[in-house]
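See below for the structure under consideration.
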């Protein structure tokens, strides 16, 4: 079966080592485009979300969802110290709601960025 039951779309283009779909909390499969739509909805509703920090060319950064179908350019990055992880990366970007968001990554052994919408 080449369609995904939850969204009804075909599998997203993918290589042999990835699935072409993401799975939500209810274990339903979604194509990558629908993953981005669901992630946007959750970001706007909850005001917080976990993304991935990715370095592009020439020291430019972006935060993305797991399949990379949702991307936000980082407009400011600050590298500081952390008592356990040694490094702390703080990023600021404009979220899907047009508001400012802040995210933090702890250490160099991960790309996970814990993000939240700023009040101002």
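Miscellaneous remarks
- Subset of the range 24-46 (residues that are touching a strand residue (DSSP E or B) at 6+ places or on another chain (Cβ under 7 Å), in contact (Cβ under 8 Å) with a residue 24 or more places away in the chain and surrounded by fewer than 16 Cβ atoms within 10 Å (Cβ to Cβ)): none
- The range 53-65, residues that are under 14 Å from residue 89 (Cα atoms) and surrounded by fewer than 17 Cβ atoms within 10 Å (Cβ to Cβ): 54, 55, 59, 60
- Residue 104 meets the stated requirement of being surrounded by 14 or more Cβ atoms within 10 Å (Cβ to Cβ), out of contact with any helix residue (DSSP H, G or I) (no Cβ under 9 Å at 6 or more places or on another chain) and at pLDDT 95 or above.
- Among all residues of the range 70-78, there is at least one that is within 13 Å of the chain's Cα centre (by Cα), free of Cβ contacts under 8 Å to residues at least 60 places away in the same chain and part of a loop (DSSP other than H, G, I, E, B).
The values are calculated or read from the model by the stated rules, or taken from the named source; none is laboratory data. Small disclaimer: the values here were computed from a predicted structure and weren't measured. Every residue, glycine among them, receives a Cβ derived from its backbone with ideal geometry; neighbour counts consider all protein chains shown.
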